[in-house]
Amino acid sequence: MTESGMSRRRLFGTALAAGFAATGCGTAQSSTAAAQPSSTSRAARPVASDSAVVAKTGPAPQDNSPAAVVARHAGEQPRQWDVAMPGITSTFAFTGKQMALTFDACGGPGGNDMDESLVNFLIAQQIPATLFLNKRWIDANQERAARLALNPLFELGNHGVAHRPLSVNGRAAYGIKGTASAQEVVDEVWANHERLSGLVGRPPRFFRAGTAHYDEVAVDIVNELGEIPVGYSINADYGATASAAKVQAAMNAAAPGAISLAHMHRPQGGTGAGMIAALPTIRAMGFTFVHL
Ligand SMILES: [Zn+2]
């Protein structure tokens, strides 16, 4: 089996201690259940003489259309604001020494480039990764996005429409104003959900908000829309600002089940060189890189 074939869908809850340098560490819970329709148990019920009546009296499946999700969460007041909390996947259920690499393409002014040396290195070394693409980046890089979508090394995740922190009441992170209502949260997720569905041929499974910040209502909304909010356990390039040496040092936190966060849109930064230096060493330590 190839590394990229060893995708793991079962997610688990223990966040690693490493990596939450600036933001504090929470505990991620399994979030797959929230994305699953709950029809199995009802299908197993005994059939009464009038099965039509039984069908009518059973609980209705939750409507997870964007409009229904907005209506369900309108006006809810959140209490949390962080990069890690229950419902966000910060680590994954590993088998042996596996870790997952994620790279964000943030899009917008200053964020629409691609680090070709990094992406070409991943391809040459056959290193799988999950790439979180912002809709503005896809729109500015349609040929590149189509090529990445065709390469089985890469799983494409949703990095939002306008790269806003995911809040229902306008919380900001790093000076970037967040979404300000349940409707704006859904809008930030959904147009790129549809864009990626068209690009890849199936809906994206994973979401990461711009700045990776969420409140707990937004986390619920993303899960109900069928995407799993993904955080990280290794902050590898500090928002694409770190030097190559600092990226390489951050990747020393490689651990089974770790999810690293770095950026692929800034070829002039240190991320590419740092990763190209670090990844062969991590492999030599016996790690394999896998999809989430
Ligand atoms: Zn980003």
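Okay, here's what the table says:
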| read-out | value |
| --- | --- |
| Dimensionless Rg/Rh of segment 160-253 - Kirkwood Rh, Rg from C-alpha atoms | 1.03 |
| Difference of contour (0.36 nm per residue) and Cα-Cα distance, A60 to S117 | 15.4 nm |
| Hypothetical label at A191: residues of segment 137-161 whose amide nitrogen lies under 18 Å (7 Å Cα-Cβ projection) | 137-142, 158-161 |
| Computed E for Q80/T241 - FRET, C-beta separation, R0 25 angstrom, nearest 0.05 | 0.45 |
| Fraction of antiparallel bridges per DSSP, segment 107-292 only, in percent to nearest 5 | 15 |
| Inter-label distance for Q268 and Q125, nm, one decimal - labels placed 7 Å from Cα along Cα-to-Cβ | 2.5 |
| Karplus 3J(HN,Hα) series, Hz, for segment 162-170 with 6.51 cos²θ - 1.76 cosθ + 1.60 (x for Gly, Pro) | 10, 6, 9, x, 9, 10, 9, 9, x |
| T281 paired with D139, simple spin-label distance in nm, labels 7 Å along Cα-to-beta-carbon | 4.0 |
| Per-residue Cβ neighbour rank within 10 angstrom, fewest leading, M114, M251 | M114, M251 |
| Integer Hz, Karplus 6.51/-1.76/1.60 couplings in order for segment 173-190, x for Gly and Pro | 9, 6, x, 9, 5, x, 4, 10, 6, 4, 4, 5, 4, 4, 4, 5, 8, 6 |
| Debye-sum result for segment 107-292 in log10 I(q)/I(0), which assumes one identical scatterer on each alpha carbon, at q = 0.12, 0.14, 0.15 Å⁻¹ | -0.55, -0.76, -0.88 |
| Fewest-first sequence of Y174, Y238 by Cβ atoms within 10 Å of each Cβ | Y174, Y238 |
| Residues I282, I88, I228, I176, sorted so that the one with the fewest Cβ neighbours within 10 Å comes first | I176, I282, I228, I88 |
| C-alpha center-to-center spacing [segment 67-87, segment 181-249] in angstrom | 15 |
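None of the figures in this text is laboratory data; all of them are computed from the coordinates on show. The model shown is predicted, which means the values in this text are computed figures rather than measured ones. We place every Cβ from the backbone using ideal geometry, glycine too, and count neighbours over all the protein chains shown.
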